[in-house]
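Novice: Mind looking over this structure? Questions follow.
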Amino acid sequence: MILSGKTALVLGGARSGKSAFSERLAEATGLERHYIATGRAYDDEMRERIGRHQEDRGASWVTHEEPVELSHTLGAIDRPGRVVLVDCLTLWVTNLMMEGEDIPMRCAELAAQLSSLDARIIFVSNEVGLGIVPENRMAREFRDHAGRLHQQIAASVDEVFFVAAGLPLRMKG
Amino acid sequence: MILSGKTALVLGGARSGKSAFSERLAEATGLERHYIATGRAYDDEMRERIGRHQEDRGASWVTHEEPVELSHTLGAIDRPGRVVLVDCLTLWVTNLMMEGEDIPMRCAELAAQLSSLDARIIFVSNEVGLGIVPENRMAREFRDHAGRLHQQIAASVDEVFFVAAGLPLRMKG
Amino acid sequence: MILSGKTALVLGGARSGKSAFSERLAEATGLERHYIATGRAYDDEMRERIGRHQEDRGASWVTHEEPVELSHTLGAIDRPGRVVLVDCLTLWVTNLMMEGEDIPMRCAELAAQLSSLDARIIFVSNEVGLGIVPENRMAREFRDHAGRLHQQIAASVDEVFFVAAGLPLRMKG
């Protein structure tokens, strides 16, 4: 699969292979590869998952850790000839909630920024809205924020893929 | 996207954009628009969600609130030249469970009724079966009822769409 | 829908119609039908679900109950002129976890075995990774194991289908 547009969103479930697929998309561009990791290592399990992802990715990536100021970091590393993989939007939303940030404003800002960037951008995100309504209110709010952000980003990017069992399904572009 | 058949089912996750997509489908028919809201405002959060949906929808809809007697209401407002949007089947199933209704019978009745209606009908429903098995027995039963209803309705309508991140994927028709 | 390859994976949510679709795929081959049931009846609810599945399936199947030694049983019943339906991989993973088995090793063994089998094989499995991150650690581990297995099997089989509301979507093949 080749990235035909300038910007893409890759949605998928847990362990769907969405990150690996996105990395292959980025590698196939032949551009200088940058990786924005939004995950924060709150505990050992998370630290382990992040470490495993980095190993899987190999050394040919420049990694930027940015849990909150995603738009700022995207702007700062934006250059023609680069591809930036943001992994992932749902962890970013989690961090925004933890920090008490204005999430709709932050999401609108990110979506609006895309058309002005020179780099190719690939967003990875978890689809989390296809299970039973969570009993926990914060989980319901998170699910709403994530769903709205996915709609905004999907409307703003050139291509959208849904990944299941490692297989991409083209939804847009 | 244009509704090409007479009846449709629009499935999607929480905040997937399935309602907005369904409303655009209905508006594109150019027919007189009727909306059956099945949701009951049990608490403030639910009341807020329902209110937000109504605002998003605008004033060009006739709204009918019908938490339980869906088949009856569909029959009562059925006319050629109308499009009826039912939002959503999963809330209807929830209400049937609360009322201790015979759900398989109610669902079979709804599916059987479709071929005899003159209006165009669009059903919206939440796909809820793609997460971990819920620990709560009632949630498991709900998930089973919803899944079986989706199969019945999908078999009976002309078109089925799956919506993720606001993007429709045609599954049937 | 006709099985065009020798091996297939059918993914879907709870009550998505994935088993019924897989049975129709198997029946359409015209081959001698074998069914490997991986589910264990831990309680009445489970016993009831298994019983209902057997009734739905009818008498024209040879049923093998195999909760753990799936690769062994596949090898033992493998013959040209047979189709084997394995329902389902997620229950098998559950059983492996219960038994404290080496899951990555077992999964790799299953994936590697496929190319050497003479029978046609159809795997059914539950997609469980599209909801909110479960609070329960074991549920998170299960979700990870299931997702990785789906990726491995999807990479090894000829065809992959995703079923929702009884409707198959071809993901591969």
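Novice: How far is B:G58 from itself in the other copies, in nm, if each label sits 7 Å out from Cα along the Cα-Cβ line, shortest first?
Specialist: 5.1, 5.1
Novice: Please report the antiparallel percentage of DSSP beta bridges with both residues in region B:7-172, rounded to the nearest 5. Before the final figure, lay out the partial values.
Specialist: Details: 5 of 31 bridges.
If we restrict to bridges inside region B:7-172, about 15 percent are antiparallel.
Novice: Which Cβ of chain C lies nearest the axis of the rotation superposing C onto A, and at what whole-Å distance?
Specialist: Here the nearest residue and distance are C:G131, 1.
Novice: Treat every Asp and Glu Cβ in region C:35-91 as -1 and every Lys and Arg Cβ as +1, leave all other atoms uncharged, and give the resulting dipole magnitude about the Cα centre to the nearest 20 debye. Each step should come with its number before you reach the end.
Specialist: Values: 7 positive and 11 negative charges, 53 e Å.
Charge dipole, region C:35-91, about its Cα centre: 260 debye, nearest 20.
Novice: Using 5 Å bins from zero, what percent of all Cα-Cα pairs in region B:29-122 falls into each bin?
Specialist: Bins of 5 Å from zero give 3, 13, 23, 24, 19, 13, 6, 1 percent of pairs.
Novice: OK, next. Given a 1.4 Å probe and the protein chains all in place, what does the accessible area of B:Y35 round to, in Å² to the nearest 10?
Specialist: Using a 1.4 Å probe on the heavy atoms, I get roughly 10 Å².
Novice: Principal axes first, then extents: for the Cα atoms of chain A, list largest minus smallest coordinate on each axis, whole Å, largest first.
Specialist: Sorted largest first, the three principal extents are 45, 33, 30 Å.
Novice: To continue, here is another question. Tally the DSSP beta bridges in the protein assembly as shown and give the antiparallel ones as a percent, rounded to 5. Can you show the working numbers first?
Specialist: Working: 15 of 93 bridges.
For the protein assembly as shown, the DSSP antiparallel bridge percentage is about 15.
Novice: About its Cα centre, how strong a charge dipole does region A:7-172 have in debye, to the nearest 20, once Lys and Arg get +1 and Asp and Glu get -1 at the Cβ? Don't skip to the answer; put the middle values down first.
Specialist: Numbers: 19 positive and 25 negative charges, 103 e Å.
Charge dipole of region A:7-172: 500 debye, to the nearest 20.
Novice: Another one. Relative contact order of region C:7-172, please, whole-number percent, based on alpha carbon pairs below 8 angstrom and at least 6 residues apart. All intermediate terms of the calculation are to be shown ahead of the outcome.
Specialist: Working: 265 pairs, mean separation 61.5, N = 166.
This gives 37 percent for region C:7-172.
Novice: Across peptide C:138-150, what mean number of C-beta atoms from other chains lies inside 10 Å of a residue's C-beta?
Specialist: Details: counts 0, 4, 4, 1, 2, 5, 3, 1, 5, 9, 5, 2, 8.
Per residue, the number of nearby Cβ atoms from other chains is 4 on average.
Novice: Long-range amide H contacts for C:L85: which residues qualify at under 5 Å (H placed 1.01 Å from N, peptide plane, sequence gap of 5 or more or a different chain)?
Specialist: C:H34, C:Y35, C:I36, C:I122
Novice: Counting C-alpha atoms alone, how compact is region A:89-132: give Rg to one decimal and Dmax as a whole number, in angstrom.
Specialist: Radius of gyration, then largest Cα-Cα span, for region A:89-132: 12.5, 40 Å.
Novice: Here is a follow-up. Could you work out how much longer the chain between B:N136 and B:A41 gets when fully extended? Use 0.36 nm per residue separation minus the Cα distance between them, nm to one decimal.
Specialist: 32.0 nm
Novice: Once ligands and nucleic acids are excluded and a 1.4 Å probe is used, how much of C:W92 is accessible, expressed in Å² to the nearest 10?
Specialist: 0 Å²
Novice: Specify whether the C-alpha gyration tensor of the protein assembly as shown places it in the rounded, prolate or oblate class, a ≥ b ≥ c being the square roots of the eigenvalues: rounded for a/c under 1.5, otherwise prolate if a/b is larger than b/c and oblate if not. Write out the running numbers ahead of the final one.
Specialist: On the way: a/c = 1.61, a/b = 1.00, b/c = 1.61.
Note, shape of the protein assembly as shown comes out oblate.
Novice: Related question: Mind putting a number on the dipole of the protein assembly as shown about its Cα centre? Charges go on the C-beta only, +1 for Lys and Arg and -1 for Asp and Glu, and I need it in Debye to the nearest 20. Let's see the in-between values first.
Specialist: Numbers: 60 positive and 75 negative charges, 283 e Å.
Taking the Cα centre of the protein assembly as shown as origin, the dipole is about 1360 debye.
Novice: Percent relative contact order of region B:118-173, based on C-alpha pairs within less than 8 angstrom and at least six residues apart? Intermediate values should be presented prior to the final figure.
Specialist: Details: 30 pairs, mean separation 11.8, N = 56.
Value for region B:118-173: 21 percent.
Novice: Shape verdict for region C:1-84, please, from the Cα gyration tensor: rounded (a/c under 1.5), prolate (a/b greater than b/c) or oblate.
Specialist: On the way: a/c = 1.72, a/b = 1.27, b/c = 1.35.
Oblate, because a/c is 1.5 or more while a/b does not exceed b/c.
Novice: For each pair in A:K18/A:K172; A:K6/B:K172; B:K172/C:K18, compute the distance between the two Cα atoms and list the pairs where it is over 26 Å. Write down the numbers at each step before the final one.
Specialist: Numbers: A:K18/A:K172 16 Å; A:K6/B:K172 31 Å; B:K172/C:K18 16 Å.
Pairs exceeding 26 Å: A:K6/B:K172.
Novice: Put a label point 7 Å from Cα along the Cβ direction on C:G173, then list its distances to the equivalent points in the other copies in nm, shortest first.
Specialist: Result, one decimal in nm: 2.9, 2.9.
The values are calculated or read from the model by the stated rules, or taken from the named source; none is laboratory data. Since the model is a prediction, treat every value here as computed from it, not as a measurement. Neighbour counts run over all protein chains shown; Cβ positions are idealised from the backbone, glycine included. Remember, those area values only see protein heavy atoms, side chains included, never the ligands or the DNA or RNA. Shrake-Rupley method; radii C 1.70, N 1.55, O 1.52, S 1.80 Å.
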